[in-house]
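Beneath this line is the structure, given in structure tokens, with notes to follow.
The values are calculated or read from the model by the stated rules, or taken from the named source; none is laboratory data. It should be emphasised that the depicted structure is a prediction, and the values quoted were computed from it without experimental measurement. Heads up, the Cβs are rebuilt from the backbone with ideal geometry, glycines too, and the neighbour counts pull from every protein chain shown.
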Amino acid sequence: MINKNNLVKAIMMSGNSADILESSIRHNLTKLDAITVIDNNSTDGSIEILEKLSIEYKGRLEVVYTKYSNTKDYLITTNLFKEKIKTAELAPDFLFCLDADEFIHAKNFDELFSIPDNHVGLIKWKCYIPNKLDHKNYPLEMTDQRSKEPEYAYKVIIPKNVNGILMLGSHCIHYNDKRIPSIEISNMYLAHYPVRNIKQINRKIKFATEFAKNEGKSQVFHLRNIKEIESLEELINMAVNYGFKKND
């Protein structure tokens with residue numbers, strides 16, 4: 001947290017992320033004042049985890065259950081609750097946009113106050129790579145980091161005075177069909193664990209393929225129509241190349 005006079009919150013998208021959800025919420029709530037988790041139709045035990053944690057973190061953790069199957073639904077859901085948080089009685093000074101596999105690392109949030117008016121902040125990814133099939137604690141055990149990240153490997157941080165449409169992936173915000181200018185926040189990063197085990201990534205591939213059936217070729221291009229992972233070697237290769245286009 002910044003201090004008692006400034007609020008920093010997050011919206012967190014989650015769907016069948018039971019293997020990492022609790023550790024992500026606990027970690028990120030050491031940095032943030034509050035999180036609203038939007039769960040997308042989980043069936044893997046995520047709901048039970050969220051119900052338990054919402055009691056433990058009463059007043060700091062809100063859970064919303066929803067179901068989306070295409071980009072339009074996703075954007076409506078994301079923006080609905082972004083605005084709900086931003087226009088609440090205790091609206092945050094800054095709003096992070098996270099997925100359940102992202103962990104905020106920052107000594108403090110002082111640099112957020114250097115974001116110019118009518119700009120958003122960008123917090124960059126550091127993606128980590130599995131080295132075995134049965135990790136129990138991803139942040140402690142997955143310590144190998146990629147040496148390169150895709151160009152879009154960041155998420156937005158939204159200051160209180162900024163409005164607009166949060167685009168798919170939470171990489172940018174548009175206002176009047178124009179991308180709102182951004183500035184990189186250099187003293188923090190998101191530890192990202194998008195490829196963790198075979199069951200998890202195969203579920204992700206299946207969801208992405210279904211999700212993108214009626215979407216443009218630019219949507220979830222890195223997961224569409226990929227054959228299922230079967231070995232540790234394939235898992236590592238997927239983690240190393242996650243998010244890159246074929247010609248990168």
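Residue 145 satisfies every condition listed in (1) touching a Phe, Trp or Tyr at 6+ places or on another chain (Cβ under 6 Å); (2) among the polar types (S, T, N, Q); (3) on the phi > 0 side of the Ramachandran plot except (3).
Could we say that residue 206 is assigned to a strand (DSSP E or B) and basic (Lys, Arg) here? Steps first, please.
Working: assigned to a strand (DSSP E or B): no; basic (Lys, Arg): yes.
It is false that residue 206 is assigned to a strand (DSSP E or B) and basic (Lys, Arg).
Can you confirm whether residue 111 is over 16 Å from residue 32 (Cα atoms) and of a type in the set (Asp, Glu)? Answer is no for this residue. Scanning segment 32-74 for residues that are in contact with a Phe, Trp or Tyr (Cβ under 8 Å, 6 or more places away or on another chain), at pLDDT 90 or above and over 30 Å from residue 107 (Cα atoms) yields a single hit, 47.
Within the group 147, 218, which residue is at pLDDT 90 or above, of a type in the set (Ser, Thr, Tyr) and more than 22 Å from residue 11 (Cβ to Cβ)? First the steps, then the outcome.
Details: 218 fails: at pLDDT 90 or above.
Only one candidate qualifies: 147.
Being of a type in the set (S, T, N, Q), touching a strand residue (DSSP E or B) at 6+ places or on another chain (Cβ under 6 Å) and at pLDDT 90 or above is a property that does not hold for residue 200. Candidates in segment 36-54 are the residues that are over 18 Å from the mean Cα position of the chain (by Cα) and closer than 18 Å to residue 207 by Cα; of these, the one that is surrounded by the most Cβ atoms within 10 Å (Cβ to Cβ) is 44. Number of residues in segment 156-186 that are within 17 Å of residue 92 (Cα to Cα) and among the charged types (D, E, K, R): the value is 1. Within segment 64-79, can one find any residue that is surrounded by 13 or more Cβ atoms within 10 Å (Cβ to Cβ), farther than 19 Å from residue 169 by Cα and assigned by TED's automatic domain parsing to the domain that holds residue 164? The answer is no; no qualifying residue exists.
Restricting segment 84-109 to residues that are farther than 19 Å from residue 187 by Cβ and surrounded by fewer than 17 Cβ atoms within 10 Å (Cβ to Cβ) leaves a set whose member that is modelled with the highest pLDDT is 91. Just the residues that are hydroxyl-bearing (Ser, Thr, Tyr) and within 25 Å of residue 134 (Cα to Cα), please, taken from segment 19-70. Those that are hydroxyl-bearing (Ser, Thr, Tyr) and within 25 Å of residue 134 (Cα to Cα): 23, 24, 42, 43, 46. In the set (1) modelled with pLDDT under 85; (2) surrounded by fewer than 17 Cβ atoms within 10 Å (Cβ to Cβ); (3) of a type in the set (A, V, I, L, M), residue 232 fails one condition alone, (1).
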